[in-house]
Amino acid sequence: MSIWEYANPVKFMRISGAALPWVVAGAAICTLAGLIWGFLTPPDYKQGASVKIMFLHVPAAMMAINCWLMMLVASLIWIIRRHHVSALAAKAAAPIGAAMTLIALVTGAAWGQPTWGTWWEWDPRLTSFLILFLFYLGYIALWEAVENPDSAADLTGVLCLVGSVFAILSRYAVNFWNQGLHQGASLSVASGERMSAVYRYPLYLCMVGLFLLFLSLLLIRTRTEIRIRRTAALQAREGRP
Amino acid sequence: MPGHPAMIALLLRDLKLATRAGGGFGLGLAFFLIVCTLVPFGVGPQAEMLSRIAPGILWVGALLACLLSLDRIFALDFEDGSLDLLATAPMPLEGAVAVKAAAHWITTGLPLVLAAPLFGMLLHLPARAVPYLLISLLIGTPALSMLGAFGAAITVGLRRGGLLLSLLVLPLYVPTLLFGAEAVRRGAAGMDATTPLVFQAAITLLTCALIPFAAAAAIRINLR
């Protein structure tokens, strides 16, 4: 029994089909509960009620980065082991990651306006998220542009590898270029300057909720891609265009 | 391996093709000139304003001029079948990619570097920033050509790859542009510009060492 057995599309469809209702229910419960709990927290002494944007902003930003990492791993698995489910999962993940990046940018703008007095600032974190969004757009556009599915998977895989290197380079290059307004990490385990537990626990719940939301969207989209592939194969077998 | 006769022959062939009629040689330079002419119409002719934004405009202009000719690196060879011959030639495809990127740099990047001080004058770039502009363009433009060759390799099989090529390549240009413009800005302000130049050189070296492999892989996929 190895993990690669789940790369078999039939097995993947069976297991993901069985898991999907639970993941969707978990995503709905955790996200809703986390957001409502977060909404009921007391206002921050400095930022007032605007701090509640955090419960959407931070988990979306985390998922935006983690989704790219997942695409990188899936691309590597496709390039090395040629498992089609892996390539399709990377394809399915990209629009979700782009949406998460956009959510992080938009909520960040809405949070920046009352806190910093500006919708947009060329701050390193904001800028690197905009660049990440551009990388997502290019990746999605390349999937759409290449007709042969295997070539598309290969080319996007290579692009994902190169893009990852340059996304990281850009992330640290922009530090050099502008100091920025965005605060550093507030959730590090070791640091004594963590945020208060009042905010921390609903935030953790929102993170779990958005992760499950990502997972359920990913499973649904990957299953759709597999079905599209099967339909195309059936049509090809029957000689229809 | 730089003395490989096939690589030298390929370099000479690409240089000849680019400089002969219809090769597009000088097009990037003319585009760079147009950008530098249009900017003062957009932002106003005040010398202090222009000299403040000149480093950024010169770098962005050079980058866009470089982008203009990228799809020529592989597209014509793909259409007439020479790329298939190159892929089966007794020379690694990675080497062919590096040579073609070098030819693109010699016909596009190098003229931009040499003309940049002249265009800097148009934009009132402070005289003490000119050496920094030259050095940073000299260090940075090879990375632009090499990353462009990667984008061209990815999109070579596509019918309308031009716009996609820009979308794929421009985010990859961010670090090079950032350090290049920063070096010129520091030079204009009379500050030490060693750090951005060293970072820029590191990015160019990394690009030249690794990108030929990714670009050659993309070409092999497109030739299947």
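Here are a few things to note about the model shown:
- Given (1) without any contact (Cβ under 8 Å) to a residue 12 or more places away in the chain; (2) within 21 Å of residue A:164 (Cβ to Cβ), index of the condition residue A:79 fails: (1)
- Checked against (1) buried (at least 24 other Cβ atoms within 10 Å of the Cβ); (2) of a type outside the set (A, V, I, L, M, F, W, C); (3) in contact with a Gly (Cβ under 7 Å, 6 or more places away or on another chain), residue B:175 meets all criteria but (3).
- Unique match (being away from chain A (no Cβ under 13 Å) and out of contact with any Leu (no Cβ under 6 Å at 6 or more places or on another chain)) among B:143, B:189: B:189
Condition check ((1) surrounded by fewer than 16 Cβ atoms within 10 Å (Cβ to Cβ); (2) in contact (Cβ under 8 Å) with a residue 12 or more places away in the chain) across all residues:
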{"residue": "B:13", "(1), (2)": "yes, no"}
{"residue": "B:18", "(1), (2)": "no, yes"}
{"residue": "B:34", "(1), (2)": "yes, no"}
{"residue": "B:37", "(1), (2)": "yes, yes"}
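- Residue check, residue A:87 closer than 24 Å to residue A:215 by Cβ, open to solvent by less than 40 Å² (accessible area, probe 1.4 Å), at pLDDT 95 or above and within 14 Å of another protein chain (Cβ to nearest Cβ): no
- Among the residues making up the stretch A:194-204, those that are part of a helix (DSSP H, G or I), open to solvent by less than 50 Å² (accessible area, probe 1.4 Å) and farther than 12 Å from residue A:60 by Cα are A:197, A:199, A:200, A:202.
- First in the stretch A:214-241 and open to solvent by 70 Å² or more (accessible area, probe 1.4 Å), second anywhere and at pLDDT 95 or above and of a type in the set (Phe, Trp, Tyr), Cβ under 6 Å, 6 or more apart: none
- Selection count, the stretch B:148-165, where residues are touching a helix residue (DSSP H, G or I) at 6+ places or on another chain (Cβ under 6 Å) and either more than 8 Å from every other protein chain (Cβ to nearest Cβ) or assigned to a loop (DSSP other than H, G, I, E, B) (or both): 11
The values are calculated or read from the model by the stated rules, or taken from the named source; none is laboratory data. Model, not experiment: these values are computed from the prediction. Quick reminder, even Gly has a Cβ in these numbers, built from the backbone with ideal geometry, and neighbours come from all protein chains shown. We work out accessible area using only protein heavy atoms, side chains counted, and drop any ligands, DNA or RNA first. Shrake-Rupley method; radii C 1.70, N 1.55, O 1.52, S 1.80 Å.
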